[in-house]
Amino acid sequence: MALVELPPGEDVSAALAERVRAASASGTQLRIVGGDTKRFYGRAIRGEPLAVRDHHGVLRYDPAELVITARAGTRLAEIEALLARHGQRLPFEPPAFGAAATIGGTIAAGLAGPARAARGPVRDYVLGVTLLAGDGRILRFGGEVMKNVAGYDVSRLVAGSLGILGVLLEVSLKVLPVPAGSLTVRRDVDAAAASERLAGATQRGLPVSASFWCDGELHVRLDGSAAGLAAIAPEFGGRSVAPDVAAAFWHQVREQQHPFFRASGPLWRLTVPVTATAAVMRHQSAAAFEWNGGQVWITGAARPAIEALARTNGGDATLFRQLAGLAEPSDVAPEVFAPLPPALLELHRAVKRVFDPAGILNPGRMYAGL
């Protein structure tokens, strides 16, 4: 793994680098803070706040090349508004969970919205990053074109790392045009039939860009030309949803403002094979699914039952949010992600030591000792 060290420049906050160097020397733990809208996600951590929200601004954007580069403290809403003016978007539809959300926090959390099953995960669109390592080095990986990395693709490794490898300073992302047309259909159907219908649509290559089932209702979003959508819609049956109502609905799902997510108790996310979705849903009354069945949400269930359910069906479980409305993790259930095999956990720790030798950046956010 080649690390290319760069001196601080006009596009990099020297003050952040100096703060990290001092913390590394003294062993002071730091909690990286952007918009702080995803503080609830992950294990509870302690440390002095390292605010990065002032390190903001779009550095480069070429609509013709479908690439945008921005400082990590740039608000997600600002980037999405800029892209929208040029008929483009972030394909993975990231949730913001608040107006203050930043692009750095978006990449670090690695969370994707309704379009994830059709468009792929966050990491697939990260072309390059500038990273402030835990010892104060400023490192650059990747660039602004696809397939420009030889060896380890550190840029994608940063996606979903929750800040444990370094402080994101800049990120370059691949963007895509907004679809020519979009149609949402709704029908009353049970979970098993919904799962079967979505599986059939996937096998036939239909342009399903989002799906959400909850409480006997299946919503499916299709992208394409007006003529193509008109021909495909009857295959799903049900009723077409007015465009403004559909846009509001998918925003609710993306931001977890749908009534399902307001239930009290812990919110669990199960990632399972789509062939197992129906079996998982048979055992849960307070459940919903999206991503054609690949992501199942369950509220209020106890940890042992959820973890056993995930294992039995070939998936894993994450304690996504401990309590509805909770702004940050508590110490009630310190482990939130599926356990890693010891060898894999040690590999994670070895990678962290490369980037953060003193272990000061977001320590324990993912796993204890990581």
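Brief remarks on what is shown
- Pairs of alpha carbons in region 237-359 separated by more than 20 Å make up 55% of all such pairs.
- FRET efficiency, Ser225 to Leu59 (Cβ-Cβ, R0 35 Å, nearest 0.05): 0.50
- Think of it as helices only: each DSSP H run of n ≥ 4 in the chain is worth -39500 (n - 2.57), and spread over all residues that comes to -8000 deg cm²/dmol at 222 nm.
- FRET efficiency for the Gln257 to Asp135 pair, using the beta carbon distance and R₀ = 51 Å, is estimated at 0.80.
- For the chain, the relative contact order is 21 percent, taking Cα pairs closer than 8 Å that sit 6 or more residues apart in sequence and dividing their mean separation by the residue count.
- If R0 equals 35 Å, the separation of the Cβ atoms of Leu344 and Ala302 corresponds to a calculated FRET efficiency of about 0.85.
- Distance in nm between pseudo-label sites at Asp316 and Asp190 (7 Å out along the Cβ direction from Cα): 3.2
- For region 298-304, 3J(HN,Hα) computed residue by residue from phi via the Karplus equation (6.51, -1.76, 1.60; θ = phi - 60°) reads 10, 10, x, 7, 7, 4, x Hz, glycine and proline entered as x.
- Set of region 169-209 residues, backbone N closer than 16 Å to the point 7 Å along the Cα-Cβ line of Arg239: 184-189
- The protection proxy used here, the mean number of other Cβ atoms lying within 10 Å of each residue, ranks peptides 298-309, 24-35 as follows, highest first: 24-35, 298-309.
- Measuring between their Cα centroids, region 61-116 and region 25-58 lie 19 Å from each other.
- Whole-number percent relative contact order across region 182-321, with pairs defined as alpha carbons under 8 Å at least 6 apart: 27
- Candidates per chymotrypsin sites (Phe, Trp or Tyr not before Pro) in region 151-222, loop by DSSP, up to 15 other Cβ within 10 Å: Tyr152
- Seen through its C-alpha gyration tensor, with square-root eigenvalues sorted a ≥ b ≥ c, the chain comes out oblate because a/c lies at 1.5 or above while a/b is not bigger than b/c.
- The gain in end-to-end length when the Thr275 to Glu48 segment is fully stretched comes to 77.2 nm, 0.36 nm per residue minus the alpha carbon separation.
The numbers here are math on the coordinates, done by the rules we state, and not lab data. Note that the structure is a prediction, hence the values are computed from the model and not measured. Note that each Cβ is placed from the backbone with ideal geometry, even for glycine, and that neighbours are counted across all protein chains shown.
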